[in-house]
Amino acid sequence: MTEEELTLTEGTTEPEYKQQAADLNQQARAYLAKDKWEPALGLYRQVLALMETAEDKAGQAETLNNIASVHLARKAWAEALAVLEPARQIFTGGEDKAELATLLNNIAAAHDGLGDRDKATEVYEEALALREALDDVEGQARTIQNLAILAARQGNRQKAKLYLNKALTLARQSKAKGLVNAIRKTMSQLPKFRR
């Protein structure tokens, strides 16, 4: 499949447009692995157009979240929020609470990037409540790790340590070795965090 514009034609079935979207998403991820933001964004925009044409609301929200992830990686915080808020509206009315929790983590990260740590904390706590309701232990650990980083940046290292210990326990419980290592790394870096 090439990077040319893909659009739905009359009679395109759901499996066909989903396959087109999957192919484009795979290409976008390959660009992201090479830090090639603009080509990845272009492909995600094509996926978004497919989802809009197909009137696939969940697909639209997921794609907006993917676009926002690129903006977050580029530290384009305001651009990330601009696409995350419409995605939030879609997910809030839907049934996919796990995706909503992921989206909320991205919204919180954007607020943190913009320097609004109080808002970031509020949104992370909302994501954490969802993950607790879903019994998503690994997701809870990731969100708590983010809360720890925020606490450390606000100068509250004691609170950060409490969060990290809780996150580490949950990560071990979920048997997420990579996350355990990431949390340990965050623990070792606590003295370096600044306001």
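Brief remarks on what is shown
- Residue-averaged [θ]222 nm for the chain, counting only DSSP H segments that reach four residues, each worth -39500 (n - 2.57): -26000 deg cm²/dmol
- Tensor-based shape of segment 66-174 (alpha-carbon gyration tensor, a/c under 1.5 rounded, otherwise prolate or oblate): oblate
- Overall form of segment 117-165 per C-alpha gyration tensor (a/c, 1.5; a/b vs b/c): oblate
- By the rule of a C-alpha distance below 18 Å, with chain neighbours fewer than 8 residues away ignored, the lysines paired with Lys97 are Lys57.
- The 3J(HN,Hα) values that the Karplus relation (6.51, -1.76, 1.60; θ = phi - 60°) gives for segment 134-139 are, in residue order, 7, 6, 8, 5, 5, x Hz. Gly and Pro appear as x.
- Which of Thr92, Thr143 has the fewest Cβ neighbours within 10 Å, and the rest in rising order: Thr92, Thr143
- Nearest-ten-degree value, helix 157-173 long axis tilted from longest Cα axis of the chain: 60 degrees
- Of Lys192, Lys97, the sequence from fewest to most neighbouring Cβ atoms within 10 angstrom is Lys192, Lys97.
- Dipole orientation for the chain: of the candidates Gln60, Ala73, Leu103, Ala73 has the Cα lying most toward the positive pole (charges on Cβ; Lys, Arg +1; Asp, Glu -1).
- Nearest 10 degrees, 0 to 90: helix 177-189 Cα axis against the chain principal axis: 50 degrees
- Modelled FRET efficiency - R0 30 Å, Leu190 with Ala129, Cβ distances, 0.05 increments: 0.75
- Whole-Å distance, taken between Cα centres, linking segment 42-73 and segment 159-195: 31 Å
Bear in mind these aren't lab numbers, they're just calculated from the coordinates by the rules spelled out. All figures in this text were calculated on a predicted structure; none of them were measured in a lab. As a convention, Cβ positions derive from the backbone with ideal geometry for all residues, glycine included, and neighbour counts pool all protein chains shown.
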